[in-house]
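One structure is given here, and the rest of the page talks about it.
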Amino acid sequence: TSLYPLMSLRDIVVFPHMVAPLVVGRTNSIHALEDAMEKRTEILLVAQQDSKVDDPEESEVYTVGTLAVVMQLLRLPDGTIKALVEGKRKAEVVSFVPHEKFMQAEVRFREDTEDDIKGVEVYVRKLRDQFEAFADVNRKVPREVLKSVKKIEGNGKLVDVISAHLPLNAKDKQAILEIDSVPQRIEKVLEAISRELELAELEKDINARVKKRMGKTQRNYFLGEKVKVIQNEIGQNEEGVDEIGELEQSLKKKELPAVARAKGEKE
């Protein structure tokens, strides 16, 4: 086991091979980052079980996280720190070690396992295809990410990088991170991608129906306006009453001399 400074994260899970910008404001987290930077050591990044907790206890953080290197620290005018970290490898807390300024933990490394190499290749092929399909419908995935994923060779690295770019909540990502078996991890990610593709298709269908309904409403509105113009041209009022025909009927009802009536009808 080895001893590392520990920093808890709200609503984010950092995977190995993932570069993440973090804005850090909590004093103990800042001290942990500065300690890692000063000693040139890695820092253990673990997610909080409840993001609303400001100062989580040992029992309130997940015990599986990612050891990361601190690439850059930038102190902002408001006292917070912007850090750029890169995940390196998965690790699990063996025990928490007291420190006056920040959390520390003894950790053991977690290694990927591949039970069936042939089966893994089938999973990997499916994973690449599904992620490409997901990237086609989700424009938030940068094109360069898709290009880099195509070049990744390690199966464990591939599934970690893809997991980092899926729009999942922290709890779901944590569940994926904790799986050591590469085929099982890929299965979990494939389930997540399939769910996102179904949601994207449903959203597309809803948008199409809304657009069609709006188009029909607009069409009816314009047709209504055209009818009003036509009615005005032929002498009808807005209620569709023929004003000329109405005048003719009133003339017939009146007791007019035959000459005047004939003249009115002629006109």
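The values are calculated or read from the model by the stated rules, or taken from the named source; none is laboratory data. What you see is a predicted model, and the numbers here were worked out from it, not measured in a lab. Don't worry about glycine lacking a Cβ; one is built from the backbone with ideal geometry, like all the others, and counts go over all protein chains shown. Keep in mind that these areas ignore ligands, DNA and RNA; they rest on the heavy atoms of the full protein, side chains included. Shrake-Rupley method; radii C 1.70, N 1.55, O 1.52, S 1.80 Å.
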Selection within region 69-104 - of a type in the set (Gly, Ala, Ser) and farther than 17 Å from Glu34 by Cβ: Gly87, Ala91, Ser95
Output the residues belonging to region 27-53 that are among the hydroxyl-bearing types (Ser, Thr, Tyr) and either over 16 Å from Glu106 (Cα atoms) or assigned to a strand (DSSP E or B) (or both). Thr27, Ser29, Ser51
Would you list the helices (runs of 4 or more DSSP H) that sit entirely within region 113-182 and hold 1 or more residues that are under 19 Å from Glu86 (Cβ atoms)? 143-151, 155-164, 170-177
Every residue from region 135-151 that is over 22 Å from Glu198 (Cα atoms) and of a type in the set (Asp, Glu): Glu144
For a quick check of your reading of the model, give me the residue pairs whose first member lies in region 151-173 and is touching a residue at least 40 places away in the same chain (Cβ under 8 Å), whose second is open to solvent by 60 Å² or more (accessible area, probe 1.4 Å), with beta-carbon atoms closer than 7 Å and at least 6 apart or on different chains. Asn155/Glu114; Gly156/Asp112; Lys157/His17; Asp160/His17; Val161/His17; Ala170/Asp11
Tell me the residue from Val85, Val69, Val107 that is part of a strand (DSSP E or B), touching a Lys or Arg at 6+ places or on another chain (Cβ under 9 Å), touching a residue at least 24 places away in the same chain (Cβ under 8 Å) and not basic (Lys, Arg), please. Val69
Is it fair to say Leu3 is free of Cβ contacts under 8 Å to residues at least 12 places away in the same chain and assigned to a strand (DSSP E or B)? no
Looking for whichever is at pLDDT below 90 and closer than 28 Å to Ser2 by Cβ here; the options are Glu114, Glu203. Which one fits? Glu114
